[in-house]
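The values are calculated or read from the model by the stated rules, or taken from the named source; none is laboratory data. Here the structure is a predicted model, which means the values were calculated and not measured. Note that we place each Cβ from the backbone using ideal geometry, even for glycine, and neighbour counts take in every protein chain shown. Protein only, heavy atoms only, side chains kept; ligands, DNA and RNA dropped before computing areas. Shrake-Rupley method; radii C 1.70, N 1.55, O 1.52, S 1.80 Å.
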Amino acid sequence: MKKGFLLLLPFLIISCQVTETLRLNSDGSGTIEVTNLRDENSYMQIARDNYSKENIYRDTTYVFGDYIKKHQETFSRTPIADQRVFLKYSEVKIHVKASSYDKEFRTVYTQNFQKVADIADLTKTDHYLADIKNNYALSAEEHYYNVCYDYNGNRFHRIVTVTDTLEQKKEFDKIEKMKAEYKGRKLVQNYVLNYHFPRKIQSVSNPLAKISDDQKSLSLQFLLADCLQNPLSTNLEVILEPEAVD
């Protein structure tokens, strides 16, 4: 599973749209959804003759916690610290639609949360599923950055930290080669943040963010390759208007 994902990674970087949608309630609870959608026109340019030879159909929904139960034997053999990380994903729901007939390849990760600190780094969900199945240690992972969130009532933060600069450099160089190889082609490779808040937005740290007419939502778009080369660019601070006092 992990090997297959890594083989597909170059195609995902240059022919995919990732949308991260967060809806925050006034009490700090809410939902987050990350959707990976393969852009068919972009993928067709890359796959060429192999595009018409695809023969895939999968449409399934499951919960991360159920996967832990299914592979309880291997899960129980993982280090306790790793188990704590995996358990943070227990309530994450995964829906996979992969159809070469409908030409739709979409994966959606959804999590309900009581406070934003509980939000898992959903981009790692597939890797962690493979870790549980195969009894891989997290120390063997090639992740080089973490994403977490914070909210204190007036300030919301999307916090990205780089954890392995050497691995980041390897990824940076890999993507540079891909950019050169596919230069000149019109390929979709967007990473979009859509955030909805309980009150009006007073200010946003990124000046490229587009604020909705009611001033309670924002949309911010990046190039997916740029996000992977410089994940810190997706850090975000949003300050909301003070809560009205009766």
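The residues listed here are I201, I159, I211; of these, the one that is under 27 Å from Q114 (Cα atoms), in contact with an Asp or Glu (Cβ under 8 Å, 6 or more places away or on another chain) and open to solvent by 30 Å² or more (accessible area, probe 1.4 Å) is I159. For the stretch 162-185, the set of residues classified as of a type in the set (D, E) and open to solvent by 40 Å² or more (accessible area, probe 1.4 Å) consists of D164, D173, E176, E181, listed by residue number. For the stretch 220-235, a residue qualifies if it is part of a strand (DSSP E or B) and either farther than 18 Å from V160 by Cα or open to solvent by 50 Å² or more (accessible area, probe 1.4 Å) (or both), and the qualifying residues are Q221, L223.
On inspection, Y145 qualifies as among the aromatic types (F, W, Y) and open to solvent by less than 60 Å² (accessible area, probe 1.4 Å). Counting only helices (runs of 4 or more DSSP H) that sit wholly inside the stretch 62-148, those with at least 1 residues that are within 30 Å of L193 (Cβ to Cβ) and out of contact with any strand residue (DSSP E or B) (no Cβ under 6 Å at 6 or more places or on another chain) are 64-70, 80-87, 125-134. Within the stretch 217-246, residues that are touching a residue at least 12 places away in the same chain (Cβ under 8 Å) sit with their Cβ atoms under 6 Å from residues that are among the basic types (K, R) and open to solvent by 20 Å² or more (accessible area, probe 1.4 Å), at 6+ positions apart or across chains, in these pairs: S219/K210; I239/R155; L240/R199; E241/R199; E241/K200. When every residue of the stretch 210-217 is checked against the conditions, at least one turns out to be in a loop (DSSP other than H, G, I, E, B), under 23 Å from Q17 (Cα atoms) and in contact with a His (Cβ under 9 Å, 6 or more places away or on another chain).
In the stretch 119-142, which residues are exposed (fewer than 15 other Cβ atoms within 10 Å of the Cβ) and among the charged types (D, E, K, R)? Once the filter is applied, which keeps residues that are exposed (fewer than 15 other Cβ atoms within 10 Å of the Cβ) and among the charged types (D, E, K, R), the stretch 119-142 yields only E142. Residue check: R58 meets all listed conditions (1) at pLDDT 95 or above; (2) part of a strand (DSSP E or B); (3) not aliphatic (A, V, I, L, M) but one, namely (1). Does D173 fit the bill of being under 16 Å from V18 (Cα atoms) and assigned to a helix (DSSP H, G or I)? For D173, the condition - under 16 Å from V18 (Cα atoms) and assigned to a helix (DSSP H, G or I) - is not met.
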